[in-house]
Amino acid sequence: MNPTKTKAWQALQAHFETVRTVHLRDLFAADPARGERFAVEGGGLFLDFSKNRITDETLGLLTGLADEVGLRARIEAMFGGQRINTTEGRAVLHAALRAPEGSHIHDAGEPGHDVVPDVQAVLQRCEVFAEQVRSGSWRGHLGRSIRNVVNIGIGGSDLGPAMACEALRPDSERRLTVRFVSNIDGTHVVEALRDLDPAETLFIICSKTFTTQETLTNANTARQWLLDGLGGDEAAITRHFVAVSTAADKVAAFGIDAERNMFGFWDWVGGRYSVDSAVGLALMVAIGPQGFRELLAGFHAMDQHFRTAPFEQNLPALLGLLGVWYGNFFGCDSHAVLPYDQNLARFPAYLQQLDMESNGKRVTLDGEVVDWQTGPIVWGEPGTNGQHAFYQLLHQGTRLVPADFLGFCRSRNPRGEHHDLLMANFFAQTEALAFGKTGDEVRAEGVADELVTHKTFPGNRPTNTILADALDPRTLGALIALYEHKVFTQGVVWGINSFDQWGVELGKVLAKRIAPELQADAEPQLAHDSSTNALIRRYRRGRRT
Ligand code: F6P
């Protein structure tokens, strides 16, 4: 369906013309209860969306759009195991990864096959393994306990567990060092291993396909490092390498015991939706099986909320629809995510893959080229660092950048007044962005005429505020699921497939062609464009000196 041809879209277009210049100052002045009315709680999270450039009518039209594009039916199709990832012929069942034991979910392509027992069986194997590592009973080749866990993976096989390990540092077993290696740049693996003792180091090679160049190159380097450090005995691999993958044959070919040391998942789990599968093994080792179960409970609570709450009270649907409002009507290109918690430093990077790999698409499910904007550029940094860097543009620049502010009532590291000061900044920023400071207010402070415009804040900059009690495993699960379902909502409105990623392929193919041209001893015959040819020749000259 072309969303721009729906009645709701056309009505939104007409409505937009009537509200595009309305100021948040006036919307708040006209309705003293706006702050309470435009706020909802669901799945353990609180969302204040009152500082958006919307009226009740906007909200009604946006939820009407969700109805008209069939969001409710698409949600049921996803949760019901329909093969909605049509270009890959797959179901999209990450919700089954956090479904309670005893529930029943089927991949519609395999009727009669309940996936929940499969999920629980892998989860239990992961739990046994995680406990062995945590307790010290998993011994390395020389009989020593494991003290270092290095996850080697990239994209969805890295960003989720890496982000979550940092987010849940206060819940982690501090005896263990958990590191993540992703980049094919040798610096990453070399620096990550520099101070580790191979006898106490365990590698988790995490790759859905087990063909990813970055991961296999890093895994081979790690393998050599281990063998060099432990006297070259190949038998050491069994005690120091485990795999998370869907490809048992390739895991075995690498030399990992796929029967005992591989933790599987399924093709219906997309890489960027996999942190709550065995891909989260490093995280489970860090926070323990109980913490991981809490995380899954948080995910599930948000799944339930998304599936059952009416759209006007549905956090993921609201975030998704508001994003459509800004992207497709106001013409905003980007969306900022600003966590006021140092441990969420990697959350924007995680969301970049979740959102931009999912909704960075230019054709509909039917392969027609769209003539409406799809996914935004997602970016962000933790507050308050961002305030001293790019907030100037948010407040006074020429671009409108909608932003999500994420904050917590309690710090996991309470120290003096730190947390109240952090949160004072958190509340101050959304207030300043919404209401700004008029020229008259500036003048009334006695500011010289020539500086008045410089010191004026236009305001009317939209934000969502997402608040939770504390950043613990349950909250993090809910937060990730919130954004997963936001992305889904938008994908449904735009009529695109949020679950494939063909756009990453071309660069991979070209890199495979170019690598031998860089490495060849004799000057290679180059058949690229003149720019790429010249760059390769320049690189080869520089490489020799
Ligand atoms: O970047 C493309 C991609 O396929 C992602 O979707 C995926 O998360 C990542 O590569 C890693 O893939 P794999 O887990 O198969 O190594």
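The values are calculated or read from the model by the stated rules, or taken from the named source; none is laboratory data. Keep in mind it's a predicted model, so treat the numbers as computed, not measured. Quick reminder, even Gly has a Cβ in these numbers, built from the backbone with ideal geometry, and neighbours come from all protein chains shown. Protein only, heavy atoms only, side chains kept; ligands, DNA and RNA dropped before computing areas. Shrake-Rupley method; radii C 1.70, N 1.55, O 1.52, S 1.80 Å.
Over the range 396-435, what portion of Cα pair distances is larger than 14 Å, expressed as a whole percent?
55 percent
Kirkwood Rh over Cα pairs of the chain into Stokes-Einstein at 4 °C, 1.567 mPa s: D in µm²/s?
51 µm²/s
Quick one: ranking H485, H528, H113 by accessible area, 1.4 Å probe, largest first, what do you get?
Per-residue accessible area, sorted high to low, gives H113, H528, H485.
With the convex hull built on the Cα atoms of the range 206-279, state its orientation-averaged projected area in nm².
Orientation-averaged projected area of the Cα hull: 4.9 nm².
P(r) tail for the range 82-131, what percent of Cα pairs lie past 14 Å?
For the range 82-131, the fraction of Cα-Cα distances above 14 Å is 56 percent.
Which one of A432, S172, G143 has its Cα pushed farthest toward the positive end of the charge dipole of the chain, where Lys and Arg give +1 and Asp and Glu give -1 at the Cβ?
G143
Using the crude model of +1 on Lys and Arg Cβ and -1 on Asp and Glu Cβ, and no other charge, please compute the dipole size for the range 18-77 relative to its Cα centre, in debye to 20.
Around 240 debye, computed over the range 18-77.
If a helix is a whole DSSP H run, which ones in the chain reach 27 Å or further along their own axis (Cα) and hold a mean Kyte-Doolittle hydropathy of at least 0.5?
The answer is none, since no helix passes both cut-offs.
With every protein chain left in place, what is the accessible area per residue of the chain in square angstrom, probe 1.4 Å?
Accessible surface, normalised per residue, equals 43 Å².
Quick check: convex hull over the Cα atoms of the range 281-327, volume per residue in Å³, rounded to an integer?
It is 92 Å³ per residue.
Work out from phi, with θ = phi - 60° and the Karplus expression 6.51 cos²θ - 1.76 cosθ + 1.60, the ³J(HN,Hα) of each residue of the range 178-184, listed in order in whole Hz, and give x for Gly and Pro.
10, 10, 10, 10, 10, 5, 6
Return the whole-Å distance between the Cα centroid of the range 6-75 and the Cα centroid of the range 196-216.
46 Å
Along the charge dipole of the chain, Cβ charges K/R +1 and D/E -1, which of G102, L394, A91 sits furthest on the positive end?
L394
With charges only on Cβ, +1 for K and R and -1 for D and E, what is the dipole size of the range 199-260 about its Cα centre, in debye, rounded to 20?
Result for the range 199-260 is approximately 200 debye, rounded to the nearest 20.
Let's see if you can work this out: charge +1 on each Lys and Arg Cβ, -1 on each Asp and Glu Cβ, no other charges. What is the dipole magnitude of the chain about its Cα centre, in debye to the nearest 20?
1040 debye
How large is the convex hull of the Cα atoms of the range 1-144 per residue, expressed in Å³ as a whole number?
In the range 1-144, the Cα hull volume divided by residue count equals 226 Å³.
Under the Karplus relation 6.51 cos²θ - 1.76 cosθ + 1.60, θ = phi - 60°, what is the ordered set of whole-Hz ³J(HN,Hα) values for the range 359-372, x standing for Gly and Pro?
These are the phi-based 3J(HN,Hα) values: 10, x, 10, 10, 10, 7, 4, 8, x, 7, 5, 7, 10, 10 Hz.
Which value in Å is the Kirkwood Rh of the range 412-545 over different Cα pairs?
By the Kirkwood definition, the hydrodynamic radius is 22.0 Å.
Would you please state the base-10 log of I(q)/I(0) at q = 0.17, 0.25, 0.30 1/Å for the range 452-517, with intensities from the Debye formula using one equal scatterer on every alpha carbon?
Once normalised to I(0) and log-transformed, intensities are -0.86, -1.08, -1.20.
Per 10 Å bin from zero, what fraction in whole % of the C-alpha pairs of the range 245-309 is there, up to the bin with the longest pair?
All Cα pairs, binned at 10 Å, distribute as 19, 39, 31, 10, 2 percent.
For the range 391-451 and the range 308-375, what is the centre-to-centre distance using only Cα atoms, to the nearest Å?
What the calculation gives is 24 Å, centre to centre.
In deg cm²/dmol, rounded to 500, what helix-only [θ] at 222 nm does the chain give when every DSSP H run of at least 4 residues adds -39500 (n - 2.57) and the total is split over its residues?
Here the helix-only value at 222 nm equals -13500 deg cm²/dmol.
Skipping prolines and chain starts, which residues have an amide H placed within reach, meaning under 5 Å, of the one on N464, given they are 5 or more residues away or on another chain?
A403, D404, F405
Considering amide H positions built from the backbone, and no H for Pro or chain starts, which residues 5 or more places from V378, or on another chain, come under 5 Å of its amide H?
H335
From the Cα gyration tensor of the range 277-430, with a ≥ b ≥ c the square roots of its eigenvalues, which class applies: rounded if a/c is under 1.5, or else prolate if a/b is larger than b/c, or else oblate?
oblate
Of the accessible area of the chain, with the probe set at 1.4 angstrom, what percent is carbon plus sulfur?
Carbon and sulfur atoms account for 51 percent of the accessible area of the chain.
Please report, for the Cα atoms of the range 146-232, the Rg to one decimal and the Dmax as a whole number; what are they, in angstrom?
Spelled out, the Cα radius of gyration and Dmax of the range 146-232 are 12.7, 37 Å.
Among A301, L338, A258, whose Cα lies farthest out toward the positive end of the dipole of the range 209-361, if unit charges sit on the beta carbon of Lys, Arg (+1) and Asp, Glu (-1)?
Value computed over the given set: A301.
In the full protein assembly as shown, how much of M356 is accessible to a 1.4 Å probe, in Å² to the nearest 10?
70 Å²
Report the semi-axes of the equivalent ellipsoid for the range 360-429 in whole Å, largest first, where each axis is √(5λ) for an eigenvalue λ of the Cα gyration tensor.
Each semi-axis is √(5λ); the values are 36, 16, 8 Å.
Take the residue pairs K51/K455; K208/K361; K51/K437; K208/K508; K5/K51; K250/K361 and return only those whose Cα atoms are more than 25 Å apart.
Beyond 25 Å between Cα atoms: K5/K51; K250/K361.
With contacts defined as alpha carbon pairs under 8 Å and 6 or more residues apart, what's the relative contact order of the range 4-114 in percent?
That works out to 20 percent.
In whole angstrom, how long is each semi-axis of the equivalent ellipsoid of the range 88-170, when you take the square root of 5 times every eigenvalue of its Cα gyration tensor and sort them from largest down?
The answer is 31, 17, 12 Å, longest axis first.
Check T6: other-chain or 5+ apart residues with amide H under 5 Å from its amide H, H built from backbone geometry?
Amide H neighbours of T6: none.
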